[in-house]
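In what follows, a structure is listed as C-alpha cells, so that the remarks can point back to it.
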Amino acid sequence: MASPPQSFPLDRSIFNETLYSRLRDFWLAGVPQDATSPPWEAIQRWFGPGMTQEQKDALDRSCHSNFGEALNALGPEKLALPAFESYEDDLGKAEIISSPLLKEVREAHSESVEGGAKRLLSLVVLLDQMPRNIYRDLDGLGLVYGHYDRLSFSLLRSSMKLEPNMMGEDCVKMRPVWLSWLTIPFMHCEHLPSHELYLKYARATRQIFHEKNDTAAVQYLDRNIEFELKHIEPLEKFGRYPHRNAALGRKSTAEEEEYMKSGATFGVTQQKKVEQEDEKKDDPKDEL
C-alpha cells in the first residue's frame, strides 16, 4: 500500500549521496562546476540538436538503467500524493507533498548552502528530467505531469523557503547552468506566478553576466528566457498547456484543439487523441 508523504520512508539503499552525485555527474557531464555556460556536447545531450535517433534512444536507455529504480521508488504505487486540486492548493501543501525529499535538502543545506543547492539540483534532475527521458507513452506522460512534476514543483518551492534562499546565493546565481536546471520545474508548471519567478532569477543572473561581458553566458540565458516566454503564451491564453490534456484526462476545448494544430506543444506530438512525446527536438521543450 502506498504511503502518504509525511510517513514515507526513503530507501537508503537507493537515496544516498552516491545517487545524488551520480545524478549530477550524469546530467552535467562535461560541464565544469563553475562553468557559466555549457559546452556544445552538453547542449546536444539535453536538447538533441545534431543527434541521431539511435543516440537519443541510447540516452533514454541510459537514464532508465541508471535512475529508473530511484524513480520507481517514488512512484504513485509507493508514494501517495494528495489529490490534485490546483497549483495554489499544492503550494499550500508543498512542504507536505515534498516532505521526504525536503528533509534531504534541508539536511544538506544545514551544512552549507552550496551543499543544499547540490542536493536540490540532484533531486530536480531526478524528478523533472529523468521521467521525461523514460516515460514517453500516454500513460507515462500522465505520470510525468500528474506525479513527478508535482513532487519537483513542491520540492523547489519548499526548498526556497530555507534560509538563506539558495537562488540568491553565489553558488547558484553565479552558475547559470545550475540555475537553469534548478528552476526548470517553474518552466514546466501551469502556474504563472512561478513562471514569473523563473524569469526573475534568470534575468537577474543575465544582468550579472552582461555586466561581466560574458557573452556565452548571456546567450545561454537569453535562449532559456526566450523559451520560458514561449511557455507563458499558452498559459496566458488557456490557463494550462493544451498538449497535456490527453495525458491528464482533460477535455480540450474547441479553441485548444485549434491551437494544437499550429501552436507550441514543446516537443509533445499531437496525434488525434494520443499524445506521444518526442523529447529530442532542437529546442528546449516543455518536456525538457
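Points to keep in mind about this one:
- Residue match in segment 272-286 (condition: at pLDDT below 95, surrounded by fewer than 17 Cβ atoms within 10 Å (Cβ to Cβ) and not charged (D, E, K, R)): yes
- Residue ID - nearest to residue 58 (Cα to Cα), chosen from residues in segment 32-42 that are over 17 Å from the mean Cα position of the chain (by Cα) and surrounded by fewer than 18 Cβ atoms within 10 Å (Cβ to Cβ): 41
- Residue within segment 43-63 that is surrounded by 13 or more Cβ atoms within 10 Å (Cβ to Cβ), in contact with a Cys (Cβ under 9 Å, 6 or more places away or on another chain), of a type outside the set (D, E, K, R) and over 30 Å from residue 2 (Cβ atoms) present: no
- Odd one out for residue 13 among (1) under 27 Å from residue 105 (Cβ atoms); (2) touching a helix residue (DSSP H, G or I) at 6+ places or on another chain (Cβ under 6 Å): (2)
- Spans of helices (runs of 4 or more DSSP H) in segment 1-119 with at least 1 residues within 27 Å of residue 206 (Cα to Cα), free of Cβ contacts under 8 Å to residues at least 24 places away in the same chain and of a type in the set (D, E, K, R): 17-27, 40-47
- Members of segment 120-139 that are part of a helix (DSSP H, G or I) and in contact with a strand residue (DSSP E or B) (Cβ under 8 Å, 6 or more places away or on another chain): 132, 138
The values are calculated or read from the model by the stated rules, or taken from the named source; none is laboratory data. This structure is a prediction, so every number in the text was calculated from the model and none was measured. Backbone-built Cβ (ideal geometry, glycine too); neighbour counts: all protein chains shown.
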